[in-house]
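Here's the structure we're looking at; comments come further down.
The values are calculated or read from the model by the stated rules, or taken from the named source; none is laboratory data. The structure presented is a predicted model; accordingly, all values stated were derived computationally and were not measured. All Cβ positions, glycine included, derive from the backbone under ideal geometry; neighbour counts span all protein chains shown.
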C-alpha cells in the first residue's frame, strides 16, 4: 500500500494548512455579518450572508475603484511590454559598451525605498498635470515592472538562436516584418510571464497608487485602507474585498502555469 | 562481470502500439557489444529495460541466469554512462569516484585503494584533486565511466551514445580509451548508438535493431559480409549493398543479362522461391574496361571519388548498380564497363530473408 | 565569372579570420567546396559572401556586379547552417515560401505555390508541408532549410557544414541530392566543410583554406592527386595524409632506421616531409611485398571502422602512421601489422616551407 | 554569438525615457532635500551633509537598522529552506501540479495591505482564531503587549506572504535538472538526502541566488503590512528602517533628515545587492555542465 504519511506528504499538508488558514478565515469572514465576526470564532458562518459582497457591488465607490485598479494595471502591463521588448532584444542580440552595468542600474530601480519618494513623485506628476489619472499610476509602476520584464524577456529571447534572425535577413525580410511575423510569436510565452509579473506587482502596490490619486482614479487598495481608517472597521466588507482582489491574480497564474512549470529562462543569469 | 540475457521481452508505453516486440538477445560475460539502430528503432527502450529504469510489459531480464526483471538499477549493479557527462559538480574527481563506494559503507582505506586503482586504469590519476566543472567534456565523460566501474560488484556497463557532446578531435581518443578499458578489465559492456561507425569500431558483437525488432546479431564481419536482411546491407557500410531483382535459371541465378553460376543442386532448391533478390557490395563487383568471361556490359552514368577509391554509378539493363574501383582507374560517365558478380560475395534473399547457399 | 573575391581581410578582436584571401570561380563551376578545419575562417568567408559580415578591406563581385558593401537583405543569396534553422512559428509550407513571399516585385500566390511544391517534391518532403518543423526528424528539418534556400533563383547558395549533425546514411542521401541540385541550377553552390569526403564526393572544384588564405584552388581530383603544399595533403584527404620527417641522401629517402628506399627522381639532399596517403600503405594480410615496394612492421594503436573501410592507427618507431584497409574484422590492440609502400606513390614536401617538391608518379599521370 | 553594435542603444531609448522620468527626477529631488533644511518662513537653507551626520549618529536609526538586518536575516533563514522543501514536495505533472501552483501562488496575489489586515484579524485577541487556539494549549497569546508574540507574528506573516516566491523559483529550477542526474545517483546507491545534497542543491544555486537577492531587497523595504498589524509596536520591537523613514518624512516633517536617511538606506541596499549581483553573474559564468544539446 503506497505509504500516505511519508514525511514529504506530512510537510506539504502542514504547509498548506498554514497557507490556507488565514485565507479560509478571511473567506468565512466575508460571509459573516459584522456582529457574528466579533462574537463567535467558528470557521463556518452560522448565519451566512452575502451582504458584504452586495455592499461592494452596489456601492459605486467600491465598484469604481475596482475598475480604476484594473485600468491602470492594464495600462502598466501594456506600457511595460512596449518599452521592455525592444530593450530586451538589444540586451539579448547585441553587446555594447556598459550593457552589464546598465542592466544592474535597471535592477537597482526596483530597490528604491518607496516611502520617501512619495512627495517628489507627487510634485512631479502634479507639475506635468497627470495627478489623479490612471496614466500617472501606470507610469509610476513601470519603474518597478520594466526592469523585471526586461530581465524575463531577455531570458526568453536568448533561447532563440541568432541564426533565425540571420536566415530571415538572408531570405530578404526587413527588420520590422521579421520582428512581427517570426520573432514575436516565438517569445509569446516570455510576454505572458512578463505580463504576469507586471500585473502581480502593479495590482498589489499601495504607496504610489495612494499618492498619485485622489478621487477620479482611486484604486481598490486605497478604498480598502480608507475603510480601515474609520474606527469601527467594517470587517465583513474588507474580507469580501480581499477575496475579490485575489480572483484576477489567480486566473492569470492559471494561464501562465505551463511557463512557470517549465521554468522560465532563469539560465539568463 | 556477468552474462546478460533478454528473453521474450516486449514493451509498449501505455496502450499505444508496441515499442519493441519479442526481443531475445544474449550478451556473454565480458563481451564488448553494441546495440545499433536508427532513431526510433526501440534501442532506447531496450537500454532502459537492461538498466532497470523500465519494467518490460512482457518477458524476462536475466543476469547470470538470475531473474532481475523486477529489480531496479541499484540492485542489478548495472552502471550507465549517459549522452552528456553526469558528474557531481561540487565534488572533486576523487570524491566523485568514491561516492558509490561510500554509499555502500565501504571502509575508507579500501575506498582509497579502489579509487586510485580505477583512476590509474582510466588515466585520471593526476586529475583526482581537480574540481568537476574545470574539466573538459571528454575528461568528465571518463570520470563518469570510471565511477561506473569503480565498484567490485559491477555486472555490466551501459554506454548510451557517450560521444554525443564530445568534439570531433577528442572523439577518437575516448574511443580508444573505451576499447583499451574493455580489453584490460573484461567487463561486459553494451554500447548503444545510431552511428554504425561507433558500433563497429567498439564492438566484437553487434545487435542491429529496426522498427522495434532485433534484425541480426553478429560480428562486424558477419554483418558486413552476410547481412540477414537487405536493410542491414543498406545500413552497414558505405556505399550500401546493391539489391537487384533476380530469377532462377537452370545454371544459376539471373539478374537481367548477367548470370551467377551455381551447382545444379542449388538451382533446383531455389526454384520454389518467389520474390528473389540478389545483394552484392559495390567493392565486390568485379569491373574492367576489357570484356570479362561470364560478365556483361553496363553503362556508366556518373563517377564519384572518395580520394582513395572511385564510386561508379552504372546501369545494367534496367537496374542501377554501384561499383567501387581503385582511384587510379580511368573511367568516366558514358563509358561502358564489363562487370561480373563473384558467387562467394553474393547474398540471395527470398521474401526479404537471406537464404544460406553453400557459397 | 560567378564569384570574384579579392584580397579579403576580416579581423576580429581575438583573431584574423580572413588574411588577404583571393578566390575566383569561373562560370562553368556548379559547386566549390571550401575545405578547412573548424575555426579557420571558413564560416566567416560564408558570412562575408552572404553580407552578414562586412569586409575590413578587399572587394567582392558576384556575376561581375560589385556587392562589397551591399546589405544582406539586398543580396541575391541563400544560406543553410549546420544547425537545422527553420522558423518554428511557421508551417513547413510557409517556411519554404517565405523568401518568395517577401520578394519585391511581388510574386503571384499561384506561382509561389507551384515553386514550393516543386522543390518540396525534389527533396522528398512534399508530404510534410502542413506540419511544423519541430514535428519532423533532423534529416527532414535540414531538407526544409535546403528547400527554402533553393526555392528562389539566387546567385549564391551558401552551405555551412549542412551535413555536420546528420548520421551516416542521411549524409550519403543528401550528398547525392545536393550534387544533383547543384548541376540543375546555374547558381554557384559554396559548400564549407572540414570533412574532405563531402568536397570529394560533391564539388567539381575545391579551395583548401589555412590561416585565412587559400592555399590551393582547382579541380577536386587534381588538387587531391597533386597537393601543392603539405597542409593541402593533410587537410584534403580522409583519413589525413601521413607526413613523416625524412632525409634525402644521394637518391635515397630515409624516414627511420628500417624505412629506407631508392627514389627515381629524388631531389638534392636535405630535410623533407615524406607524404603518403593512408590508402597507399598497402596491408597484404599474407604473401611477400610487391616488387619495388618497401615493407615496414608497425604496432596497431587503434582500428576505426569508417563506412566499408578500416582506418588503422599504427605506431612505427617515433612516428604515428595512418593506414587504410578494406578488411572489416575485429582488430586487437598492439597486434603487429605488415605494411608495404610503393615509392611511386610517395610525395615530398620541403621541410621548412611545406611546398611540394616531388609529386607521386601516379598523381602526375592522373592529372594528365 | 552576439554582435558588437553600439547602435543597440537605440532599442533602449523607450525604456530609458520611461525609467528616467520615474527614477532620475524624483531621485534628484530627494538629493536636493537631503542637502537642505526647510524652515517655515525662511524657505530652503543649504546644510551640506549635516542631515547625513544626524542620521548616522541618531541612535534610533542605528536601532532600526540592526533590527532590520536581524529581521531580514531571520526571514531568509526560514523562507529559503522552507521554500525549497515546498518546491520538492510539489507534484510535477498533471492537474495536481496546476492546483499546487495556483494555491501556493495565492499569497503573492494579495495586496500588501490586505495581508496586513488578514493577519491582524487572524491574531487579534478579541476576534482572532490564533489567541483562541493558543489559549487551548494554555499559552496566553497577546500581540498587543507581548514583544515576543508581536515579533514572531510579524516574522510568521512575512514567511506566509513570501515563501511562495522562493518555492516557485525553486520549482522552476528543479524542472531544469535533467533526469539522468537522478538516475546516476540511484545507480550509485545514494540515499535521498545525499542525492539532494550532491545533485539537486548545486543545480539550484542560480535560482536561489536570484530568490535571495529579490527577498533581501523586498524585506528591507517592508512597511505597510507591519504598520497595519502591529504599528511597529509594542514599543519599537517591530519598527524597522522604513517605519522610521515614514514617521520622520510624513509625520514629523523633518524632510531633510528623511531624505538623507532614505539615500543612506538606498545606498546600503545597492551595495549589498551589487555584491549579490557579482556572485550571481560569475556563478553564471562558471556554468556547471548543463545537458549539451546534440
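Checking A:19, A:70 one by one, the residue that is outside the structural domain of residue A:251 (by TED's automatic domain parsing), surrounded by 13 or more Cβ atoms within 10 Å (Cβ to Cβ) and assigned to a helix (DSSP H, G or I) is A:19 and no other.
Right, residue D:176: modelled with pLDDT of 85 or more and more than 19 Å from the chain's Cα centre (by Cα) or not? Against the criterion (modelled with pLDDT of 85 or more and more than 19 Å from the chain's Cα centre (by Cα)), residue D:176 does not qualify.
Would you be able to tell me the number of residues in region D:81-120 that are closer than 29 Å to residue D:142 by Cβ and more than 8 Å from chain A (Cβ to nearest Cβ)? So the answer is 3. Among residues that are surrounded by fewer than 17 Cβ atoms within 10 Å (Cβ to Cβ) and part of a strand (DSSP E or B), residue B:254 is included.
The selection criterion, being farther than 19 Å from residue B:3 by Cα and either assigned to a helix (DSSP H, G or I) or modelled with pLDDT of 85 or more (or both), holds for residue B:129. Checking each residue of region A:135-151 against the condition of being surrounded by fewer than 18 Cβ atoms within 10 Å (Cβ to Cβ) and either over 17 Å from residue D:23 (Cα atoms) or touching a residue at least 40 places away in the same chain (Cβ under 8 Å) (or both) gives at least one match. Restricted to region C:310-364, and to residues that are free of Cβ contacts under 8 Å to residues at least 24 places away in the same chain, at the interface with chain B (Cβ under 10 Å from one of its Cβ atoms) and part of a strand (DSSP E or B), which residue is nearest to the chain's Cα centre (by Cα)? So, considering only residues that are free of Cβ contacts under 8 Å to residues at least 24 places away in the same chain, at the interface with chain B (Cβ under 10 Å from one of its Cβ atoms) and part of a strand (DSSP E or B), the one nearest to the chain's Cα centre (by Cα) is C:310.
Only a single item in (1) crowded, with 19+ Cβ neighbours inside 10 Å; (2) within 30 Å of the chain's Cα centre (by Cα); (3) in contact (Cβ under 8 Å) with a residue 60 or more places away in the chain is not met by residue A:37, and it is number (2).
So that you can scan it fast, the table gives a plain yes or no per residue for (1) in contact with a helix residue (DSSP H, G or I) (Cβ under 6 Å, 6 or more places away or on another chain); (2) surrounded by fewer than 22 Cβ atoms within 10 Å (Cβ to Cβ); (3) not in a loop (DSSP other than H, G, I, E, B):
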| site | (1), (2), (3) |
| --- | --- |
| C:6 | no, yes, yes |
| C:9 | no, yes, yes |
| C:17 | yes, no, yes |
| C:24 | no, yes, yes |
| C:38 | no, yes, no |
| C:45 | no, no, yes |
| C:49 | no, no, yes |
| C:78 | yes, no, yes |
| C:110 | no, yes, yes |
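The rows are residues; the columns are (1) surrounded by 23 or more Cβ atoms within 10 Å (Cβ to Cβ); (2) without any contact (Cβ under 8 Å) to a residue 60 or more places away in the chain.
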position	(1), (2)
D:190	no, yes
D:207	yes, yes
D:211	yes, no
D:226	yes, no
D:231	no, yes
D:238	yes, no
D:244	yes, no
D:247	no, yes
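Among residues of region A:95-111 that are in the same structural domain as residue A:147 (by TED's automatic domain parsing) and buried (at least 18 other Cβ atoms within 10 Å of the Cβ), those with a beta-carbon under 8 Å from a residue that is modelled with pLDDT under 75 and in a helix (DSSP H, G or I) at least six positions away or on a different chain give the pairs A:107/D:277. Residue D:67 falls short of the stated requirement of being surrounded by 13 or more Cβ atoms within 10 Å (Cβ to Cβ) and at pLDDT below 85. Every residue in region A:25-40 that is outside any helix (DSSP H, G or I) and either more than 10 Å from chain D (Cβ to nearest Cβ) or at pLDDT 85 or above (or both), please. Hits for region A:25-40 are A:31, A:32, A:33. Checking each residue in region B:121-133 for being without any contact (Cβ under 8 Å) to a residue 60 or more places away in the chain and surrounded by 11 or more Cβ atoms within 10 Å (Cβ to Cβ) picks out B:122, B:123, B:124, B:125, B:127, B:128, B:130, B:131, B:132, B:133. Give the residue that is surrounded by the fewest Cβ atoms within 10 Å (Cβ to Cβ), with candidates limited to residues of region A:170-193 that are within 7 Å of chain C (Cβ to nearest Cβ) and in a helix (DSSP H, G or I). This residue is A:185.
Of the residues B:8, B:14, which single one is on the phi > 0 side of the Ramachandran plot and in contact with a strand residue (DSSP E or B) (Cβ under 8 Å, 6 or more places away or on another chain)? Among B:8, B:14, only B:8 is on the phi > 0 side of the Ramachandran plot and in contact with a strand residue (DSSP E or B) (Cβ under 8 Å, 6 or more places away or on another chain). Only one of the listed residues (A:45, A:7) is surrounded by fewer than 17 Cβ atoms within 10 Å (Cβ to Cβ), modelled with pLDDT under 85 and not assigned by TED's automatic domain parsing to the domain that holds residue A:179. That residue is A:7. Which one of these is outside any helix (DSSP H, G or I) and in contact (Cβ under 8 Å) with a residue 12 or more places away in the chain: B:163, B:200? None of the others qualify; the one that does is B:163. The set of residues in region B:313-345 that are surrounded by 12 or more Cβ atoms within 10 Å (Cβ to Cβ), within 29 Å of the chain's Cα centre (by Cα) and part of a strand (DSSP E or B) comprises B:313, B:320, B:321, B:322, B:323, B:324, B:325. Of the residues making up region B:223-250, those that are assigned to a helix (DSSP H, G or I) and over 11 Å from the mean Cα position of the chain (by Cα) are B:225, B:230, B:231, B:233, B:234.
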